[in-house]
Amino acid sequence: MTRARKAPRTGTRAFAATWWGQAWVDALEASTLDTGRLSRGRTYARKGMVGPVTAAPGVLRAEVEGSNPWPYDAAVHLRVLTDAQWDTLLDAIAAQAGRTAALLAGEMPADLVDDARTAGVPLLPEPSELDPECSCPDWGYPCKHAAALCYATAVHLDDDPFWLFTLRGRTKDAVLIALRTRRQTLTNAASTTGDAPRGEGVPARDAFASWNGAFTPPDPETADTAPGEPDTAPTPLTTAPPPGTPFTLDDLEALTRDTAQRARRLAAGHTALLTCTPVEDAVRLAATGVSEDWFHHLVRASGLPPLDFARLVRALRHGGPAGVAVARAPLAPDSAAMAAARTALADPDTTDTAGPLRLRAWRNRLTADDEGVQIRLGPDNRWHPYTRESRGTAWWPCAPATADPVAALVAARTAAARH
């Protein structure tokens, strides 16, 4: 199942910024003649009335706010591929290594979609395939709530084309494992016949040696550096970038070090690095302590307002990837964990509060408005401390996350006292 994500609110990017996202929207809009409900659905999605969207094989689900006090349960069904169709699709991807790289970079290769369709594998939905349902009494097909869910999904498809694979029946991890198996089979066949597989190119170490002089990879049996930790500084690059390029030799060296560190972590099994969206990767780079110029470049590349980007960087430093998820959108919490936290915080002895602590609960957040502090329960089951900053209108991460809600509240209060 693909993790839930919140639809954008008013003022953010429009729906379907990519051609494959637009194909999804086209399939939705071709499935009905009721333009009024589609228009209402777009409005609902842009106003942030669509809750976190969850993608599972064959179905999308989300709660969508409407005119009633409670949200409606909306879903959109899509036919999953058969095993034979999946074999055809995976073979088409594995035949060209660049296709896997493009998908991991957040791009859907157009030639892949065309080749798959020619082979009878519909990766993108046909107009008749989207099958909506909703708990509302509206008889529309789709109703405005299901339409809002579809428009919100287009944004997620823009960011991660693997959502389409999940909807068609297989998760991103399952697809990547199958592709690695097929690529290994192609490599083994090439070593037997002496022919390189299509698109295989040359080994990376040979390419590097031919470009930057002799290169000897470290021996894993004698290397002192643990996977994921920085080792000795790499040999400085000697080839300057062409004149007029927007990056310097120092930029290239920094990216080379970052790539080497990520490669070591991937070799050690830290596969979460493969699932970063471009925005998440920009935040990760900024959190490593890049120069001011780099930071501004990353902000512009992310498409986020500078304060929003800076907030995510601080959230990553304090809480890791879970901290970023907590900062980006309200989450649906575990009710038992929320109840246990409120019980612990209700004890004046543990919170050092004169009288009852007034807390406002909403989703995964507990807020003491009169103190300007807040704690948020993350998907890692830790509490992330926040304080109200920027003239009292914005909440910012302020201290490392902790499993103890009382400790998180104390940390938030300590940070608030410093302002």
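The residues of region 1-28 that are surrounded by fewer than 18 Cβ atoms within 10 Å (Cβ to Cβ) and at pLDDT 55 or above, listed by number, are 17, 18, 19, 22, 26. Looking at region 76-121 only, could you name the residues that are among the basic types (Lys, Arg) and touching a residue at least 24 places away in the same chain (Cβ under 8 Å)? Listed by number, the list holds a single entry, 79. Among the numbered conditions (1) buried (at least 17 other Cβ atoms within 10 Å of the Cβ); (2) outside any loop (DSSP other than H, G, I, E, B); (3) β-branched (Val, Ile, Thr), the only one that residue 177 does not meet is (1). Please tell me if residue 299 is closer than 20 Å to residue 162 by Cβ, outside any loop (DSSP other than H, G, I, E, B) and among the hydrophobic types (A, V, I, L, M, F, W, C). Here the answer is no, as residue 299 does not meet what is asked.
Exactly one residue among 258, 308, 281 is among the acidic types (Asp, Glu), within 23 Å of residue 108 (Cα to Cα) and either at pLDDT 75 or above or surrounded by 18 or more Cβ atoms within 10 Å (Cβ to Cβ) (or both), and that residue is 281. Of all residues in region 372-419, which are among the β-branched types (Val, Ile, Thr) and either more than 20 Å from residue 313 (Cα to Cα) or buried (at least 17 other Cβ atoms within 10 Å of the Cβ) (or both)? 373, 375, 387, 402, 406, 410, 414, listed by residue number. Considering (1) farther than 22 Å from residue 379 by Cβ; (2) assigned to a helix (DSSP H, G or I); (3) open to solvent by less than 60 Å² (accessible area, probe 1.4 Å), the lone condition that residue 323 does not fulfil carries the number (1).
From the list 127, 122, 137, pick out the single residue that is surrounded by fewer than 19 Cβ atoms within 10 Å (Cβ to Cβ) and in contact with a Ser or Thr (Cβ under 7 Å, 6 or more places away or on another chain). Outline the logic, then answer.
On the way: 122 fails: in contact with a Ser or Thr (Cβ under 7 Å, 6 or more places away or on another chain); 137 fails: in contact with a Ser or Thr (Cβ under 7 Å, 6 or more places away or on another chain).
Criteria check complete, one pass: 127.
Within region 42-54, residues that are free of Cβ contacts under 8 Å to residues at least 40 places away in the same chain have Cβ atoms under 7 Å from residues that are open to solvent by less than 40 Å² (accessible area, probe 1.4 Å) and not small (Gly, Ala, Ser) in no pair, counting only partners at least 6 apart in sequence or on another chain.
For region 44-77, give me each residue that is closer than 23 Å to residue 171 by Cβ and aliphatic (A, V, I, L, M). Before you say what the answer is, go through the steps one by one.
The initial filter retains those residues of region 44-77 that are closer than 23 Å to residue 171 by Cβ, namely 50-63, 73-77.
Residues satisfying the conditions are 50, 53, 55, 56, 59, 60, 62, 74, 75, 76.
The values are calculated or read from the model by the stated rules, or taken from the named source; none is laboratory data. Values in this document were obtained by computation on a predicted structure and should not be read as measured data. Cβ coordinates were reconstructed from backbone atoms using ideal geometry, including for glycine residues, and neighbour counts include every protein chain displayed. Ligands, DNA and RNA are stripped out before the accessible areas are found, and what is left, the full protein with its side chains, is counted by its heavy atoms. Shrake-Rupley method; radii C 1.70, N 1.55, O 1.52, S 1.80 Å.
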